[in-house]
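**Q** This is the structure I have questions about; it appears just below.
The values are calculated or read from the model by the stated rules, or taken from the named source; none is laboratory data. Owing to the predicted nature of the structure, the values given are computational and were not obtained by experimental measurement. These area figures cover heavy atoms from the full protein model, side chains too; ligands, DNA and RNA do not enter into them. Shrake-Rupley method; radii C 1.70, N 1.55, O 1.52, S 1.80 Å.
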Amino acid sequence: MLVPDFTVLQDFKTMLFSILLDAIPFILLGVIMSSLMQMFISEAWIRKMTPKNPLLGILFAFLLSLLFPVCECGMIPVVRRLIAKGMPLYIGVVFILVGPIVNPVVFAATYTAFRSQPEMVYSRMGLALFVGLCIGLYVYYFVRKNPMKNSAATLYATTSPEVSHTHVQGNKWLSVMEHAGSEFFDMGKYLIFGAVVTASIQALVPRDELLAIGQGGASSHVFMMGLAFVLSLCSTSDTFVASSFAGTFSAGSLLTFMVFGPMLDFKSTLMLLSVFRWRFVLILALLIILIVFVGANVIERHVWGM
């Protein structure tokens with residue numbers, strides 16, 4: 001009599017709940033911040049605070065990234081709200097890409113995981129800022145049409161004008177919770193679907209076979225991009241996953257893993273597609289792949305001398 005092997009199912013359940021438990025607190029934080037912005041920050045204030053010069057605007061996005069300890073899952077609803085309120089698209093995109101990597105929480109996690117390799121810590125932050133600068137300038141100069149699926153008027157179309165007006169005039173905190181709940185379910189469905197697919201791949205694909213692919217030069221970088229996309233880890237936890245591969249993969253490919261993953265993984269791609277049109281997301285993905293790949297190789301060969 002054959003005994004069914006429940007190992008795969010157990011691995012799937014463990015990975016699924018691990019991904020959801022990592023991501024949901026950050027989504028909650030993100031949607032609450034987004035709803036507070038909706039109720040208490042005006043469009044005029046956003047426009048007044050945003051620099052007109054593109055370089056200053058990108059620097060402003062870098063500053064926001066340093067101040068907001070929000071993971072990529074929580075960053076997207078926050079930026080969606082900011083763009084809808086008048087923040088320029090290029091600043092919002094830089095904030096989405098750079099924020100999950102350079103904030104103080106992730107910096108501390110990276111330093112803890114690579115305490116004996118401080119060059120890895122600063123290279124991760126530097127490469128993330130460089131990618132944000134390049135893509136921010138591209139969006140500023142070449143993206144002319146609004147790529148968002150929803151405008152400020154339609155973002156919460158399910159909330160009737162009468163109810164919204166009553167909340168604004170009466171209990172703003174009740175309105176904040178209503179908006180947060182609406183946005184949480186809007187973003188959460190993409191997170192759950194992405195987490196299910198990601199956990200399935202992790203549970204079904206043998207890791208030993210995957211690791212054998214990543215021994216070469218360029219192939220190890222490409223492999224680590226694919227691994228980062230599939231694993232869909234939080235930008236704090238992916239640091240410790242990368243450090244566990246230190247004896248197997250080159251330092252440059254680990255850098256690729258830690259910069260690429262927080263900018264573009266499976267679940268965040270689905271969440272980006274819920275906010276932006278697919279052509280814009282495709283352009284972002286191609287730019288991230290190209291710049292991270294080239295940047296990590298340059299750092300590995302010409303900065304670290306490996």
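**Q** List, in order, the whole-Hz ³J(HN,Hα) value for each residue of the stretch 135-147 obtained from phi through the Karplus relation with A = 6.51, B = -1.76, C = 1.60 and θ = phi - 60°; use x for Gly and Pro.
**A** Once rounded to whole Hz, the list reads 6, x, 5, 4, 4, 4, 8, 10, 9, 9, 8, 5, x.
**Q** For residue 184, what accessible area in Å² do you get when you roll a 1.4 Å probe over the heavy atoms of the protein chains, rounding to the nearest 10?
**A** Around 50 Å² of this residue is reachable by solvent.
**Q** Also: Would you pull out the residues with amide H under 5 Å of residue 103's amide H, same chain only if 5 or more places away, H placed 1.01 Å from N?
**A** Amide H to amide H, under 5 Å and 5 or more residues apart or across chains, residue 103 pairs with nothing.
**Q** Let me ask another. Using 0.36 nm per residue of separation minus the Cα-Cα distance, give me the extension gain between residue 145 and residue 116 in nm, one decimal.
**A** Extra length from residue 145 to residue 116 when fully extended: 5.8 nm.
**Q** If you wrap a convex hull around the Cα atoms of the stretch 219-259, how much volume per residue is inside, in Å³?
**A** On the way: hull volume 2.2 nm³, N = 41.
For the stretch 219-259, the hull spanned by Cα atoms encloses 54 Å³ per residue.
**Q** Which order do 140, 90 take when ranked by solvent-accessible area (1.4 Å probe, heavy atoms of all protein chains), largest first? Before the final figure, lay out the partial values.
**A** Working: 140 80, 90 15 Å².
The ordering from most to least exposed comes out as 140, 90.
**Q** What accessible area, in Å² to the nearest ten, does a 1.4 Å probe give for residue 149?
**A** 100
**Q** What is the set of long-range amide H partners of residue 276 at a cut-off below 5 Å, with H atoms built 1.01 Å from backbone N?
**A** 149
**Q** Can you give me the solvent accessible area of residue 55 with a 1.4 Å probe, rounded to the nearest 10 Å²?
**A** 100
**Q** Same structure, new question: Protein chains only, probe 1.4 Å: how do 260, 240, 62 rank by accessible area, largest first?
**A** The ordering from most to least exposed comes out as 240, 62, 260.
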